[in-house]
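All remarks here apply to the structure that follows.
The values are calculated or read from the model by the stated rules, or taken from the named source; none is laboratory data. Given the structure is predicted, the values throughout are model-derived calculations rather than measurements. Note that we place each Cβ from the backbone using ideal geometry, even for glycine, and neighbour counts take in every protein chain shown. The protein model used for the area step is the full one, side chains on, heavy atoms only, and it has no ligands, DNA or RNA in it. Shrake-Rupley method; radii C 1.70, N 1.55, O 1.52, S 1.80 Å.
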Amino acid sequence: MEFSRYFLFFFASLGAFNGVLLAIWIYHKRQAITGAPWLSLLLLMLSVRIGKSVAFYFSPGLSKDILQLGLSACCLIGPSLFSFCFRAQNPDKYRVMLPWHFAVWVFVVALIGFLYPYRSHLELWQSWIYRGSSYVWLGYLLAASWVCRGKLVALWSTPSRLAWRDMPLVVLGGGWLIWLAYYTAAYTSYIMGALSFSMVLYLSVVVYSGAGKVKVKYAAQRISDQQSHELSAKLTHLLDEERLFTDPDMSLPRLARRLGVSHTKLSQFLNQHYGCNFNQYLNRYRVEYAQGLLCQQQSLTMDHVAELCGFNASSTFYTAFKKYSGQTPSQFRARNTAKLSS
């Protein structure tokens, strides 16, 4: 095996292996990540599919049972991707239906594999199921894109680096890239699907790990204690008294103008004084305000509470609320209502 083939094998197979490890880690963090079990399942299905592709590319005489396992996993990529995106966008809707929806797919795929195994029905698997699984994947990608249409429209109208770090958008974008790599494999190379998975996986890790470098950026430009005290007093007044955080269009530059400082100075202050970025700081205020509304005004719907607090989308509200309170808005309201009535 020449060097280039060694490199392809290493990079593609390492992506599949790391995908399994990442799936386990995400499932372990399921309390902090909305839809984590579905994301873990998606990574697992992709890793099996990628692993099969790598094995088949370098060992064409592979056992038919392994090929069947890989194609079976491919049939489940679309349903798991859609379930994650839907769950991330709608944390409290159809929570029971999604597992049943996925279970039906598992049953159908397992039944076909049992009645018509790959080893004795080559034409069925190599033609119909191979193509069919790609179109099922495509159909669910389109459905997931529709579910995330609000985020996509917002990203198109006001693109920002932080918006690209939104988990459903990263997963959806990665799903499209990997599907395109496999669909165009006839014109490029069969191994491109596996390589694209590795690329998407590692780029995603780089994007998220980049957030930790913000603190280093301002390390040599610390704000004096007096400046920090003045900014803190002004900021507290604007947010506590005028409730600027309820404005869904509030941005770092707009808030900086109200404070009379540059947006870079305000960003530096938030990182130095509070250890967070602008969105994280604003969301803390919004979640605290939402907690008061949930307890005091029982008639308000979750969507209305999200709107009153300044969130652009209900999914963003649910994600931020769970991150800062450790529970969903519905759980928070139910528990606090029970305390008040007892």
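Points to keep in mind about this one:
- Residue count for the range 302-317, restricted to those that are in a loop (DSSP other than H, G, I, E, B) and either among the hydrophobic types (A, V, I, L, M, F, W, C) or within 15 Å of Thr34 (Cα to Cα) (or both): 2
- For the range 236-268, taking the residues that are assigned to a loop (DSSP other than H, G, I, E, B) and open to solvent by 80 Å² or more (accessible area, probe 1.4 Å), the one that is nearest to Arg284 (Cα to Cα) is identified as Arg243.
- Considering Ala103, Ala73, the condition of being over 25 Å from Leu152 (Cα atoms) and without any contact (Cβ under 8 Å) to a residue 12 or more places away in the chain is satisfied by Ala103 alone.
- Qualifying positions in the range 25-61 - outside any helix (DSSP H, G or I) and either under 21 Å from Leu180 (Cα atoms) or in contact with a helix residue (DSSP H, G or I) (Cβ under 9 Å, 6 or more places away or on another chain) (or both): Lys29, Arg30, Gln31, Ala32, Ile33, Thr34, Gly35
- Residue in the range 117-131 that is touching a residue at least 40 places away in the same chain (Cβ under 8 Å) and under 18 Å from Pro79 (Cα atoms) present: yes
- When the range 48-61 is limited to residues that are open to solvent by less than 10 Å² (accessible area, probe 1.4 Å) and not hydrophobic (A, V, I, L, M, F, W, C), the one that is farthest from Pro99 (Cα to Cα) turns out to be Ser53.
- Within the range 12-27, the only residue that satisfies the criterion of being modelled with pLDDT of 85 or more and under 22 Å from Ser315 (Cα atoms) is Tyr27.
- Among the residues making up the range 292-304, those that are closer than 17 Å to Asn336 by Cβ and either open to solvent by 70 Å² or more (accessible area, probe 1.4 Å) or touching a Lys or Arg at 6+ places or on another chain (Cβ under 9 Å) (or both) are Leu294, Cys295, Gln296, Gln297, Gln298, Ser299, Thr301, Met302.
- Pairing residues of the range 315-327 that are within 16 Å of Leu169 (Cβ to Cβ) with residues that are crowded, with 16+ Cβ neighbours inside 10 Å, at Cβ distances under 6 Å and at least 6 apart in sequence or on separate chains, gives Ser315/Gln89; Tyr318/Pro91; Thr319/Thr34; Ala320/Asn283; Ala320/Val287.
- Long-range neighbours under 7 Å by Cβ, at least six apart or interchain, first residue open to solvent by less than 60 Å² (accessible area, probe 1.4 Å) within the range 13-33, second in a loop (DSSP other than H, G, I, E, B): Ile26/Ile33
- Inside the range 213-233, residues that are surrounded by 15 or more Cβ atoms within 10 Å (Cβ to Cβ) and modelled with pLDDT of 85 or more make up a count of 1.
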